[in-house]
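Have a look at the structure that comes next, please.
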Amino acid sequence: NGTNLTKKGWKLVESEFNMKSGRKYGKSQFRNKWDNLKKEWSIWYKLFDKETGLGWDNVRNTIDASSEWWDKKQMV
């Protein structure tokens with residue numbers, strides 16, 4: 001339905017990943033990763049939704065923004 005995987009979908013992800021990586025992870029490990037990624041994406045989206053004027057600092061691998069912008073976001 002676009003928001004989650006079916007049992008068949010989870011099995012496919014599990015088998016494909018295990019085959020390509022040579023590691024053995026189960027559905028619960030993939031499910032935990034999925035849930036954590038959804039939480040992180042939600043935080044990221046709320047932080048940067050409709051924001052302009054931001055850059056990327058390649059040296060530090062961080063968002064490049066003014067001190068005022070960070071102060072405002074920390075208040076939120």
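What follows is calculated from the coordinates using simple rules that are stated; it is not laboratory data. Only a predicted model underlies this, so the values are computations on that prediction, with no experimental measurement involved. Backbone-built Cβ (ideal geometry, glycine too); neighbour counts: all protein chains shown.
All other residues with a Cβ under 15 Å from the Cβ of Lys33 taken together, and with Lys, Arg as +1 and Asp, Glu as -1, what is their net charge?
Once all neighbours under 15 Å are counted, the net charge is +2.
Based on the Kirkwood radius over alpha-carbon pairs, what value in µm²/s does the Stokes-Einstein equation return for the translational diffusion coefficient of region 7-75 at 37 °C and 0.692 mPa s?
It diffuses with D of about 217 µm²/s by this estimate.
What residue among Phe30, Gln74, Trp41 has its Cα farthest toward the positive end of the dipole of the chain, where the charges are +1 on Lys, Arg and -1 on Asp, Glu, each on the Cβ?
Phe30
Just how large is the dipole of region 7-75 about the Cα centre, in debye to the nearest 20, putting +1 at every Lys and Arg Cβ and -1 at every Asp and Glu Cβ?
That gives region 7-75 a dipole magnitude of about 780 debye.
Loop-only check: which GluC sites (Glu not before Pro) in the chain are DSSP coil with at most 14 other Cβ within 10 angstrom?
Glu51
OK, next. Grab the DSSP H runs of the chain that are 4 residues or longer, score each as -39,500 (n - 2.57), total them, divide by all residues and round the 222 nm result to the nearest 500 deg cm²/dmol.
-20000 deg cm²/dmol
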